[in-house]
1. What is the residue count in the range 130-164 for residues that are near the ligand (Cβ under 9 Å from one of its atoms) and either in contact with an Asp or Glu (Cβ under 7 Å, 6 or more places away or on another chain) or over 25 Å from Ala78 (Cβ atoms) (or both)?
2. Which of the residues that make up the range 50-76 are assigned to a helix (DSSP H, G or I) and either away from the ligand (no atom under 12 Å from the Cβ) or surrounded by 16 or more Cβ atoms within 10 Å (Cβ to Cβ) (or both)?
3. Tell me whether the range 22-39 contains one or more residues that are without any contact (Cβ under 8 Å) to a residue 40 or more places away in the chain and either on the phi > 0 side of the Ramachandran plot or of a type in the set (Gly, Ala, Ser) (or both).
4. Got at least one residue in the range 79-93 being within 14 Å of the chain's Cα centre (by Cα), among the β-branched types (Val, Ile, Thr), within 9 Å of the ligand (Cβ to nearest atom) and at pLDDT 95 or above?
5. So is Gly102 among the small types (Gly, Ala, Ser), on the phi > 0 side of the Ramachandran plot and surrounded by 14 or more Cβ atoms within 10 Å (Cβ to Cβ) or not?
6. For the range 89-99, which residues satisfy the criterion of being outside any strand (DSSP E or B) and surrounded by 15 or more Cβ atoms within 10 Å (Cβ to Cβ)?
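The values are calculated or read from the model by the stated rules, or taken from the named source; none is laboratory data. Being a predicted model, the structure only gives us computed values, none of them experimental. Don't worry about glycine lacking a Cβ; one is built from the backbone with ideal geometry, like all the others, and counts go over all protein chains shown.
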Amino acid sequence: MTPSRQTRRYPFTRLSLGRPWCEAIELADGRRFLLRPMQGSDAPVLRRSFLQLTPNEVRMRFMHPIKELTPQYASKLAHIDTKREFALVLVEAKPPDEALIGAVVRVVLDEEGDQAEFAIIVGGDLKRQGLGRYLLARAVEWARKKGIAVLYGLVLEDNEPMLALARSLGFSRHHSRNDSGVVEVRKLLRQP
Ligand SMILES: CC(C)(COP(=O)(O)OP(=O)(O)OC[C@H]1O[C@@H](n2cnc3c(N)ncnc32)[C@H](O)[C@@H]1OP(=O)(O)O)[C@@H](O)C(=O)NCCC(=O)NCCS
């Protein structure tokens, strides 16, 4: 794969595929993925991929234990309302019936439209390869383009990896408005 110009910032190779938010990604160990916007047909793949997650990953991402993604919930996650939502999936470059989703980043606008909440997950041994930072940076980019004032995430207070990632991208830490045990990480993108 021919590396793109920005590749040196991340320990993997990226190649733009000429469609918005679509890139081929090759990790240092040779594994290949497609990074692209979530689509409705991803619902069954989300369900299969969810089964690979550890209970701790599920707790960190969804804030409570979930045993499986029901077809209804998977469908809700996969069908993106593009006016107020953005989601990228990192899909294995394999035949469609085998390919799993290894990482997801999602942004949802609040009702008022000037703040948006992100959520992210990078599964299993894909961690610690810069993918979380890259996906969250792309979410920030989308939010900026959308004119959003504040991008925030709700993070369990014992989730040091996520807190460190957020810190490294310039998010500041605040008490959550509603939940104890949860902190809010916030990044000001423009003056509200
Ligand atoms: C948090 C998460 C997304 C990080 O993804 P990742 O791909 O492993 O992160 P990256 O490799 O891009 O790491 C970026 C930075 O995050 C921090 N970080 C990531 N994992 C860390 C760990 N285990 N311990 C400490 N810092 C960590 C570091 O600052 C790291 O920078 P460095 O590699 O230069 O030290 C991933 O651990 C995850 O999906 N966790 C479960 C779900 C979750 O917690 N979601 C958050 C809900 S909003």
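1. 7
2. The answer is Phe50, Glu57, Val58, Arg59, Met60, Arg61, Pro71, Gln72, Tyr73, Ala74, Ser75, Lys76.
3. yes
4. No; the residues of the range 79-93 include none that is within 14 Å of the chain's Cα centre (by Cα), among the β-branched types (Val, Ile, Thr), within 9 Å of the ligand (Cβ to nearest atom) and at pLDDT 95 or above.
5. In short, no.
6. Ala99
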